[in-house]
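Worksheet: the structure to be examined is printed underneath.
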Amino acid sequence: MKIYKISIALVLALGMLTSCEDKLELTNPNQQTAATFGYSADDLEENVIAAYNHIRMEGTYARVGYTIDVCRGDEVWNSSQVWYMPFDDLNVPFTDEIGQWSWRDWYYTINVTNFTLSRCGEDNSALNEQMKHIKGQMLFLRGLAYYNLVGYYQNPILITDYATYSTLDGLYGTNSSYDEVWDQVEKDFAEAMILLPTRDAGGEWAKGRATCGAAAGYYARALMMRHKYSEALAVLKAIIGGQYGTYKLMANYGDNFREGPSYENNDESLFEVQYLDYGSQGTDDEWTPVNTSANATQGHAIESNFGPGDCGGWADLSASPWLYNLFKAERTTNGSLDPRLYWTIGTYEPEWEGFEYGNVCYTLPITDDAPFVTNNNNGGLPIAKFTNLRTGIYDKVVTGLHCGINLRMMRFSDVLLRAAECENEVNGPTQQAIDWINQVRNRAGLASLKLADFTSADKLFEQIANVERPKEFGCEFGRGFDLIRWGFFYDSGRLQQLKEHGTFRRTNDRSRVKEAVSYSEVGVDTELKSSYDNWIQGHEFLPIYQGTLNDNPNLEGNSANNSVSNADKLYGPVHPVVNL
């Protein structure tokens, strides 16, 4: 018995020694790593949500990522004459950190998409429907990220394999060429077109998500950036024909710029960025690249940049006098103003009495002798789009990341006008091109164009580029991309035209903000200035931030860093200016 007891004691002692050597390993489900997360569809669905959230950040579309391109175009000028000044003048220094915010935030998006795609595998035939939809959305969002990066920075770093991050060499990547990045953008959108459902088949799931229609629309846009007009035309025709879902123009143009489920994700929208409606958001403005507050706001601040100072806005950006007078130059078939003016620019017009919400600015009455201006010191025509200036919801700007109006990034009207442009490039002026344009014009109540009035492709291009597109998409994201793909910066006639379009008056005399202005008077009239006077060759793109170059010894600057011309990088002749 004594020997037996001693044996038991030894066994217990050895067991205790063994347990001291072994570690109890526990996995905290709230602290998962890249090694443990993402092996189920449910995990990856969380990544999908995270990726969509990243396109709503300040550098993507919540503020500067959207508005930098808006003021790069000729439809908008910087009325604060402080904030956005170098972006409006197209002479951003490479030490300006704001110019790096889009770079920073789109690479956050890319990181999430690359991780998710690494879990999806290469063989699409092996994926079930849920996984196909996950992969398709990630490809679309990565394509969207690089679409913006190459459109802003020209030669960013192309990273498509999550394993790249496993070494320092991978993290310190080198520039990819403009063409290499666009090749990848096309590839991502083209594959997403195959994997994603149509909005019809997607039903409720598709509301707010990328569908094959969104991927097809952006694929066509990407093709057009390098003048691949024949290929783009085929895709655009397929969208119009319903191959990628059913789309149509909304009867009321204003329904594309209102808040709420009755208007957002409507029949005209191919893709839009989702924001929570006013009053249903959190309270914490988060201007940082990571949304960590459980009570973070879920809106955008574009309204704050556009909003008039008298209504609490930051009074930064205004519509150009050229755009306003372009609207005023043509009446509808019943003699009234183009209704798109109402939703684009917040001016007083006698015709607006009894139209929609009438002559209002955030429910405050506008009169002829008491108009609203964007900036109290420098004047400016207030921008109404993607703000509540004309919606009647509230009486002042709730500044910060609070605006709940979804940003419609691609509408069916864009498909129609792009199809007309591609048709004109491939076949010259045709009745088909005219018919597509007339669908958009007729929605606004304008008379139909006649083919006989357009005797050359140059003349029809002029109509599309400098009449139809500005009136349909005035003050929206994308005009800067158009000016680059059209080569307007590198043709003397077109550059002069940009200077004319970009001329504005800085004045505190509210009665003068709607006046037509002429570039010929710049330098004579001290109140006049043009956004393009200070453009430096190569600065149609943003420079890569010097701090980023310092951190990555393998990275080089682009044409804006070096102030070099891109005239030899155009993809075809520039259409000459034609008087309409």
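The values are calculated or read from the model by the stated rules, or taken from the named source; none is laboratory data. As the structure is a computational prediction, the values presented were derived from the model and not from experiment. Please note: Cβ atoms are built from the backbone with ideal geometry, for glycine as well, and neighbour counts cover all protein chains shown. Calculation scope for accessible area: heavy atoms of the full protein, side chains included, ligands and nucleic acids excluded. Shrake-Rupley method; radii C 1.70, N 1.55, O 1.52, S 1.80 Å.
Compactness of the chain is given as radius of gyration and Dmax, 26.6, 117 Å, from Cα positions. Rg and Dmax of the stretch 161-231, based on Cα coordinates, read 15.7, 45 Å.
The separation of the stretch 450-469 from the stretch 253-315, counted between C-alpha centres, amounts to 35 Å. The charge dipole of the chain, taken about its Cα centre with unit charges on the Cβ atoms of Lys, Arg (+1), Asp and Glu (-1) only, comes to about 560 debye.
Charge dipole (Cα centre; +1 on Lys/Arg Cβ, -1 on Asp/Glu Cβ; no other charges) of the stretch 132-219 amounts to roughly 420 debye. Simple spin-label estimate for Thr455 and Ser230 gives 2.9 nm between the two label positions (7 Å along the Cα-to-Cβ direction from each Cα).
Give me D for the stretch 219-311 in µm² s⁻¹, whole number, from Stokes-Einstein with Rh from the Kirkwood sum over alpha-carbon pairs, 25 °C and 0.890 mPa s. The partial results should precede the final answer.
Details: Rh = 16.7 Å.
Roughly 147 µm²/s, to the nearest whole number.
Computed per residue of the chain from DSSP H runs no shorter than four, each worth -39500 (n - 2.57), the mean residue ellipticity at 222 nm is -12000 deg cm²/dmol.
Cα-Cα over 19 Å: which of Lys207/Lys228; Lys228/Lys385; Lys132/Lys207?
Numbers: Lys207/Lys228 30 Å; Lys228/Lys385 31 Å; Lys132/Lys207 17 Å.
Exceeds cut-off: Lys207/Lys228; Lys228/Lys385.
Counting only protein heavy atoms and using a 1.4 Å probe, what share of the accessible area of the chain belongs to carbon plus sulfur, as a whole percent? Mind dumping the intermediate values first?
Values: 11790 of 22750 Å².
Whole-percent figure for carbon plus sulfur exposure: 52.
The listed residues Asp525, Asp42, once ranked by accessible area (1.4 Å probe) with the largest placed first, stand as Asp42, Asp525.
Stretched out fully, how many nm does the piece from Thr283 to Trp205 gain, at 0.36 nm a residue minus the Cα gap?
Details: separation 78, 0.36 × 78 = 28.08 nm, distance 2.78 nm.
Length gained between Thr283 and Trp205: 25.3 nm.
Loop-resident chymotrypsin sites (Phe, Trp or Tyr not before Pro) (DSSP state other than H, G, I, E or B) in the stretch 238-290 with no more than 12 further Cβ atoms inside 10 Å of their Cβ: Trp287. Using a 10 angstrom Cβ neighbour count of at most 13 plus a DSSP loop assignment to flag exposed trypsin sites (Lys or Arg not before Pro), which longest range of the chain is free of such sites? Between the exposed loop sites, the longest stretch runs 24-247.
Over the chain, accessible surface divided per residue gives 39 Å², non-protein components excluded, 1.4 Å probe. For the stretch 62-135, taking Cα atoms only, Rg and Dmax work out to 18.8, 56 Å respectively.
With the convex hull constructed from alpha-carbon coordinates only, the stretch 427-580 shows a mean projected area of 13.0 nm² over all directions.
Between Asn534 and Ser563, 0.36 nm times their residue separation minus their Cα-Cα distance comes to what? Working shown, then result.
Working: separation 29, 0.36 × 29 = 10.44 nm, distance 1.23 nm.
Difference between extended and current length: 9.2 nm.
Near Gly379, the amide H atoms lying under 5 Å from its own belong to Thr507; only residues 5 or more places off or on other chains count, and H is placed 1.01 Å from N.
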